[in-house]
Structure formats: structure tokens, C-alpha cells
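Remarks on the structure that follows.
The values are calculated or read from the model by the stated rules, or taken from the named source; none is laboratory data. This one's a predicted model, so the numbers in the text were calculated from it and none came from an experiment. Here the Cβ positions follow ideal geometry from the backbone for every residue, glycine too, while neighbour counts run over all protein chains shown. To get the accessible areas, we keep the full protein, side chains included, count just its heavy atoms, and leave off ligands, DNA and RNA. Shrake-Rupley method; radii C 1.70, N 1.55, O 1.52, S 1.80 Å.
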Amino acid sequence: MNHLPQGIKWQQEASSISDRLWDVVIVGAGPAGAIAAAHLAASHHRVLLLDRKKFPREKVCGDGLLPDALRCLDAIGAGEIVREAGHKISASAIFSPSRYEVEIPGEYLTIKRSHLDMIVAQKAVESGAVFAYGEVIQLTVEPDGLVSFTIPGSEKRFRARIGIVATGVDIRLLRKLNWSARKKPNGVGLRCYIRSSLVLDRLVVALFTHGRFNVPGYGWIFPMQDHEYNVGCGIFTPDRVRKRTINLKNIFKIFIDSFPLARELMKESNRTTALRAAALRSNFEGGYPFVNGPIVAVGETIGTTLPFIGEGIGKAMESGQRAAEAISAALGSNDLSKLILFEQDMESKLKPRYKGYQMAEKWLARQWLNDFLLARFGKSNYAKDILAGIITEARNPQELFSLKGILKTFLN
């Protein structure tokens, strides 16, 4: 899975890295951090990309890429590699709790995160970044304004003009900096891989509501390569719901037993991996502000996962790309006050898009309304066009999830 020219050593232990001043040190080599590293290195900045684990490493994820992620991959020259390595799918299907169905054509791709993250990190190295593995346990802004990074077992002192925190749902580094952040994640997902003889050529999402609080959730079946499927479920847990009242393994079992496609998939299966879970931060319920002195937070660390559809990879990548643009401008002008351009960009251009997804999530939180809407959408070409546009971000969910939008589905 090494996409670099033969002989290039692309990852190394952090303790072996030379002691030097970096322009940017990035903590976390997932989608947000690695995309930022690729852009910054391509702009000839000295970039050190750190991850606590050696690659490849497993990540719990739905493994689905929507057009926003593919656009970000194309921007760093990794799109073609990812498309060749992944599994192309041309349609998705959404099911309501009572199994009303809407099919949405589009460009989709599935690829295991362990493979995707390696491709993007290698592209960053190809662009000029240095990648190393070692767990950063502390960031400190020194009196001279530089950022230092502490890694246990390493006597070297990593220092940079700018630091990026891209540690996903884990916000411990931010809290050590007294950064304002929501302490607990607002969602959780669980998945396994199933090898099955069943042939399924669509991304399948089954919506449901859970418990007396009508907590929105979703199950998924995503086809991978070689008759393997990523099967899982996720649920968003508002503050009013006590987390310990939710047993995700039981919810997963209910999804498998009650959803016909999942039940058939399991019936035809010959191998199933263990269930693995991961927390989620959506709707910008993470670290805030996004910029604090010479340190920038990106990706799920700031809660970039979309509500309603739970898409996280593309939006994490987009935040990394936007951060790289502001950081490059700050370094190029030797004016770190320009880092605030990233926060302004996110607040004015990206964050407003989330309002429509919040609205859609609220509309679908009650089962009877969920069933009514998807039954209506399945009969309306207007609704199908809007849903396809929501996936590509050409349309705002508020166009459909409003009284005016619903009325239009009866006319078109």
C-alpha cells in the first residue's frame, strides 16, 4: 500500500526526527491533519506531521466518501489513487423506520480508513512533509511565541511557529491549554466488517429514532471490495439524554434483526469481525474558538461531523484545507494574526451550511414524521433532486425540510 517511489522511507519514530524549528507541527494524521500537511508542504513550508500510532492503523468509521471528500483529495493530487483503491458506487438509498425508501444517484466511494489515511499521509510526505509516530501529550506556547511539543521517551524538543491540533474526538490537548471545549462527545458509532455472498451495489442508510426522547440514529450497510461490507449504526445523544441509558450493542442487534437487508446480509455471511465503537463530535460541538494564539484546531476536534447524515471525513478534510490556506498566508506575511482568517472563513462559509442539516435532523427525529417525509420524498422528483443536491452540497437541506419545501413535493 506504499504509493511513494520505491526506497523512500515515509514514516519514522518521532525520537529519530532531527531537532529543528518547524514552520508547522500537526498533531494527528487523520483526514484533517494530513490534508493540511499536504497543502502546507506543497507551499514549501517546513511541516512535521505526527500521529500517535504507526501506519497503517485501524480507525472506526463508516468508510464512505461523499463528493466533498473526493474534491479535497483531488486538490492534493490523491483523488485518482483513492478512486483506484476504493470501491465505486453510483447510488445510495435511505430507508425510514417503516421502510419507506428513497434512492439517490451520485458519486460515492468506499475505502477503509486504514488505507485512506495512509494514502493521504504519503501524499503529504511526497509534497515535502515529514511524518513520524509518537504520542504528543502536551503543547506549550513558549515566552518567545513558539509552540513546543512534548512526546514521552523523546529527549528532543519539537518546536514550531504554528501548531495544529487534529486529534479527532480526543480534546485532551485542548483542555490542557485551557481551551473552551465541550467535554463529552455528542454521539457514538459502532461498526463491524461482514463478508457475505449477498450482492448489494448501493450505500444503504436506515433512519430510526431511539427511546422516549426520540434520539435520532441511523444504521448503515456500505459495500466494500471483495464482497465485504461495513455495517454499523450511530446515534446522536443530546445533553438531556443520559449516555448510560443507551446500549449501542443492543441497538446494533435490533438493526440487524429488524432491517431486512441487514438480516439477509448476515444470513449469507461467512465472516464477521468484532464490533468496534468510536465517539463522534458533530455540529461544531468541540473546541472553540478554532484559533488560540499560534495554535489552530481542525476536524472533529472542533466538531466538523455533519448532523443528520453523520458524514465526517469530507468536512474534516475541508477544515484542514481551509486552515492550511490561512496558515500559509500567515507564514508568508510573517503575520500570525492572519490565522484568524481560518476562523472567520469557517464561521462565514462552512458553519452556516450546518443549519440545514440540523433542521433535517429535527424533522426526522419523530418516527411518524420520518415515515411521512420519506414516503413523500419517494414519490417526488423535486425531493429526489434536492436530496441529490444535498449530497453534493449544491442544495441546502432547508429547501426541502421546511413547510414550503414539503408542499412543493406534492406539486413536483
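Numbers for the structure displayed
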{"quantity": "Pair list, Cβ < 9 Å and 6+ apart or interchain, from the stretch 83-100 residues that are on the phi > 0 side of the Ramachandran plot to residues that are surrounded by fewer than 19 Cβ atoms within 10 Å (Cβ to Cβ)", "calculated": "ARG99/PRO260; ARG99/ASP371"}
{"quantity": "Any hit, the stretch 359-370, residues being at pLDDT 95 or above, polar (S, T, N, Q) and out of contact with any Asp or Glu (no Cβ under 9 Å at 6 or more places or on another chain)", "calculated": "no"}
{"quantity": "Number of positions in the stretch 17-44 that are in contact with a helix residue (DSSP H, G or I) (Cβ under 6 Å, 6 or more places away or on another chain), small (Gly, Ala, Ser) and surrounded by fewer than 24 Cβ atoms within 10 Å (Cβ to Cβ)", "calculated": "2"}
{"quantity": "Members of the stretch 305-329 found to be modelled with pLDDT under 95 and among the β-branched types (Val, Ile, Thr), listed by number", "calculated": "THR305, ILE309"}
{"quantity": "Residue check, GLY134 touching a strand residue (DSSP E or B) at 6+ places or on another chain (Cβ under 8 Å), touching a residue at least 12 places away in the same chain (Cβ under 8 Å) and over 21 Å from ALA297 (Cα atoms)", "calculated": "no"}
{"quantity": "Count of residues meeting criterion [assigned to a helix (DSSP H, G or I) and modelled with pLDDT under 95] in the stretch 70-116", "calculated": "0"}
{"quantity": "Test: residue in the stretch 211-230 that is open to solvent by less than 20 Å² (accessible area, probe 1.4 Å), at pLDDT below 90 and within 23 Å of the chain's Cα centre (by Cα)", "calculated": "yes"}
{"quantity": "Residues that are part of a helix (DSSP H, G or I) and within 18 Å of LEU109 (Cα to Cα), drawn from the stretch 386-412", "calculated": "LEU387, ALA388, GLY389, ILE390, ILE391, THR392"}
{"quantity": "Long-range neighbours under 6 Å by Cβ, at least six apart or interchain, first residue on the phi > 0 side of the Ramachandran plot within the stretch 12-40, second at pLDDT 95 or above", "calculated": "GLY28/ALA166; GLY28/THR167"}
{"quantity": "Test: residue in the stretch 173-191 that is out of contact with any helix residue (DSSP H, G or I) (no Cβ under 9 Å at 6 or more places or on another chain), outside any loop (DSSP other than H, G, I, E, B), at pLDDT below 95 and charged (D, E, K, R)", "calculated": "yes"}
{"quantity": "Residue match in the stretch 337-352 (condition: over 24 Å from PRO397 (Cα atoms) and within 18 Å of the chain's Cα centre (by Cα))", "calculated": "no"}
{"quantity": "Members of the stretch 15-40 that are assigned to a helix (DSSP H, G or I) and in contact with a strand residue (DSSP E or B) (Cβ under 7 Å, 6 or more places away or on another chain)", "calculated": "GLY33, ALA34, ALA36, ALA37, LEU40"}
{"quantity": "Residue list for the stretch 192-204, restricted to those being under 20 Å from LYS59 (Cβ atoms) and open to solvent by less than 40 Å² (accessible area, probe 1.4 Å)", "calculated": "CYS192, TYR193, ILE194, LEU203"}
{"quantity": "The stretch 375-386 - residue that is open to solvent by less than 10 Å² (accessible area, probe 1.4 Å) and of a type outside the set (Val, Ile, Thr) and, of those, farthest from PRO307 (Cα to Cα)", "calculated": "SER380"}
{"quantity": "Number of positions in the stretch 118-160 that are open to solvent by less than 50 Å² (accessible area, probe 1.4 Å) and assigned to a helix (DSSP H, G or I)", "calculated": "9"}
